[in-house]
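Trainee: Handing you a structure now.
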Amino acid sequence: MARYIIVLGTQWGDEGKGKIVDLLTEKASAVVRFQGGHNAGHTLVVSGKKTVLHLIPAGILHPHVHCFIGSGVVLSPTALLEEITFLEQNGVTVRERLHISAACPLIFPYHIALDKAQEMALGKGALGTTHRGIGPAYVDKVARRGLRLSDAHNKKNFIKQLTQVLDTHNFILKHYYKAPPFTVDQVMDAVFPALLEVLPLATDIPLRLNQLRLQNRSIVFEGAQGALLDIDHGTYPYVTASNTTGGAAATGSGFGLLYFDCVLGVTKAYTTRVGDGPFPTECQDETGRFLVARGQEFGATTGRQRRCGWLDLASLKRAIFMNSLTALALTKLDVLDELSTIALCVDYHNEKPVYENLPGWKISTIGIREFSKLPPNAIAYIRRIEQLTGLPITIISTGPSREDTILITHPVE
Ligand code: GDP
Ligand code: IMO
Ligand code: MG
């Protein structure tokens, strides 16, 4: 049992982090997003109703949970306002419980234009980004010229700063990418009204999280993307622009490193990837098509079809030691139900995956909530993963709904 739990994706994203975080925050006081932006799409299904979250932490559907967005997150004020409005229209109280770091870097329309122009210029070598302006917004942060949420407090200075930074970007848009530039007025009209609406939610997140810690409250830290999309440790350059691995939970929130006591890795029972880049266990055959259809593998943010393949334990093992994972949550087990044989990549030989073939179970596991009710071959698959990774699988997901879960151990104290 733990109080400060990091939940991370161990693959290329879309492992089902949203579902798991929603489930775990039932017992927590707070939930924190610490990296990424609205490139993320986290799907929750509660009482038959589907909600897709991009920026607001999963946990918002529990009325008692406070939701935090740390300074590691790049913030699109318009995307955030859209999400707040959508939730409010669906009867969820948001503004009372949503707290955003005043230091969050902002995403503007020119970041999106730059993202698209860069991708277009790369042609066949494009990364397949989500076109949400994530990379260019992080570039501005690191270049120490980007605007932050707190800058909106002083409109005059905000415009001054914006004018300066826009000058650089317009030059590149116009002369390098041959794309239309932006006027300051255009950007202000598009973003400032939304910014003024979210500004009252700005707060000192490290301080608030520490206050919760001093009150012995449990906090869940919700990762976005996955270990293989990490800017340093992923399949560079086919990665996102932030650190998606465990350390980012500390740097992106301001919560001290030594306070964390559990790092849960969310792993899909097979592998998917949306966007370009290497994918050694990809199945570009009938199995791949089967996984797309049965797993409904279409992006929650862009709607793109996800590439599908077998579970890769060699890369999972790297994710385990790079993140000091303490347990695994295995999701979408039910998607494998109809397969006669399931391949598990256990190693690489000359850069090619080495597979172990396990027999399928050919019977529905959809909605199973007790471990003992799983078919023996499904149990054998789970046990083999535990054996080869050395980690316990403490949560097994058997359907999109919050309830369709085998909860062997609830990590939250
Ligand atoms: P995230 O980005 O990691 O939060 O994952 P996404 O929400 O992008 O993608 C996961 C998809 O799988 C969503 O559509 C979920 O509703 C769905 N899902 C999650 N867990 C399960 C499961 O155990 N079985 C099935 N069939 N679907 C699941
Ligand atoms: P969640 O949190 C899957 C991928 C994009 C692209 C690469 C870079 O839902 O798991 P970016 O727009 O971030 O610059 O794109 O990263 N990507 C994701 N893939 N799930 C995500 O988030 C992703 N966020 C970004 O497809 O390959
Ligand atoms: Mg997703």
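Every number here is computed from the coordinates shown, using simple stated rules; none is lab data. Given the structure is predicted, the values throughout are model-derived calculations rather than measurements. FYI the Cβ positions are ideal-geometry reconstructions off the backbone, even for glycines, and counts take in every protein chain you see.
Trainee: Taking the 0 to 90 degree range and rounding to the nearest ten, how far is the long axis of helix 205-214 tilted relative to the main principal axis of the chain, both from C-alpha atoms?
Mentor: Here the helix axis deviates by roughly 50 degrees.
Trainee: Further question: Quick one: Karplus J couplings for segment 371-384, per residue in order, coefficients 6.51, -1.76, 1.60, θ = phi - 60°, nearest Hz, x for Gly and Pro?
Mentor: Going residue by residue, I get 4, 5, 8, 6, x, x, 5, 5, 4, 5, 4, 4, 4, 5 Hz, with x marking Gly and Pro.
Trainee: Select from TYR4, GLN211, SER242 the residue farthest towards the positive end of the dipole of the chain; place +1 on Cβ of Lys and Arg, -1 on Cβ of Asp and Glu, and compute about the Cα centre.
Mentor: Farthest along the dipole direction, towards plus: GLN211.
Trainee: Share of antiparallel DSSP beta bridges in the chain, in percent to the nearest 5?
Mentor: 40
Trainee: Could I ask something else about it? Hey, what number do you get for the chain at 222 nm if only DSSP H runs of n ≥ 4 count, each worth -39500 (n - 2.57), divided across all residues, to the nearest 500? The partial results should precede the final answer.
Mentor: Working: 11 runs with 125 residues, N = 413.
Rounded to the nearest 500, it is -9500 deg cm²/dmol.
Trainee: Once you've got the GNM for the chain with C-alpha springs shorter than 10 Å, pick whichever of GLN161, GLN118, GLN225 has the biggest mean-square fluctuation.
Mentor: GLN161
Trainee: Among the aspartates and glutamates, which have Cα under 17 Å from the Cα of LYS178 when same-chain residues fewer than 8 positions away are ignored?
Mentor: ASP115, GLU119, ASP167
Trainee: Work from the charge dipole of the chain (Cβ charges, +1 for Lys and Arg, -1 for Asp and Glu, about the Cα centre) and give the residue of THR341, GLN164, PHE279 farthest towards its positive end.
Mentor: So the residue we want is GLN164.
Trainee: Under a cut-off of 13 Å between alpha-carbon atoms, report the aspartates and glutamates in cross-link reach of LYS17, not counting same-chain residues fewer than 8 places apart.
Mentor: GLU222
Trainee: Follow-up. Would you mind computing, in nm to one decimal, how far apart the modelled labels at HIS410 and VAL52 are, each placed 7 Å from Cα along Cα→Cβ?
Mentor: Each label point lies 7 Å from its Cα, and together they span 3.0 nm.
Trainee: Let me ask something else about it. Taking the 0 to 90 degree range and rounding to the nearest ten, how far is the long axis of helix 155-171 tilted relative to the main principal axis of the chain, both from C-alpha atoms?
Mentor: So the inclination is approximately 70 degrees.
Trainee: Just the ratio, please: alpha-carbon radius of gyration of the chain over 2.2 N^0.38 Å, N its number of residues. Walk me through the numbers on the way to the answer.
Mentor: Numbers: Rg = 21.2 Å, N = 413, 2.2 N^0.38 = 21.7 Å.
Scaled against compact globular proteins, the figure is 0.98.
Trainee: At 10 °C and 1.306 mPa s, what whole-number value in µm²/s does Stokes-Einstein give for the translational diffusion of segment 109-201, with Rh from the Kirkwood sum over Cα pairs?
Mentor: Details: Rh = 14.0 Å.
Calculated translational D: 113 µm²/s.
Trainee: Can you give me the C-alpha center-to-center distance between segment 380-401 and segment 129-149, rounded to a whole angstrom?
Mentor: 37
Trainee: Okay, moving on. Quick one: of LYS317/LYS362; LYS19/LYS50; LYS19/LYS49; LYS27/LYS49; LYS27/LYS317; LYS317/LYS373, which pairs are farther than 18 Å apart, Cα to Cα?
Mentor: On the way: LYS317/LYS362 28 Å; LYS19/LYS50 11 Å; LYS19/LYS49 13 Å; LYS27/LYS49 21 Å; LYS27/LYS317 29 Å; LYS317/LYS373 28 Å.
The pairs that break the limit, which is 18 Å between Cα atoms, are LYS317/LYS362; LYS27/LYS49; LYS27/LYS317; LYS317/LYS373.
Trainee: Relative to the longest principal axis of the C-alpha atoms of the chain, give the angle of the C-alpha long axis of helix 109-122, reported between 0 and 90° and rounded to the nearest 10°.
Mentor: 60
Trainee: May I ask you to compute the full-extension gain from ARG383 to GLN161, defined as 0.36 nm times their residue separation minus their alpha-carbon distance, rounded to one decimal in nm?
Mentor: Values: separation 222, 0.36 × 222 = 79.92 nm, distance 5.62 nm.
Fully extending the segment from ARG383 to GLN161 adds 74.3 nm.
Trainee: I would also like to ask the following. Quick one: check the C-alpha center-to-center distance for segment 176-209 versus segment 288-322, whole angstrom.
Mentor: Rounded to whole Å, the Cα centres lie 33 Å apart.
Trainee: Rounded to whole Hz and in sequence order, give me ³J(HN,Hα) for segment 299-311 from the Karplus expression 6.51 cos²θ - 1.76 cosθ + 1.60, θ = phi - 60°, writing x for Gly and Pro.
Mentor: So the Karplus estimates, Gly and Pro as x, are x, 6, 9, 10, x, 5, 5, 8, 6, 10, x, 7, 5 Hz.
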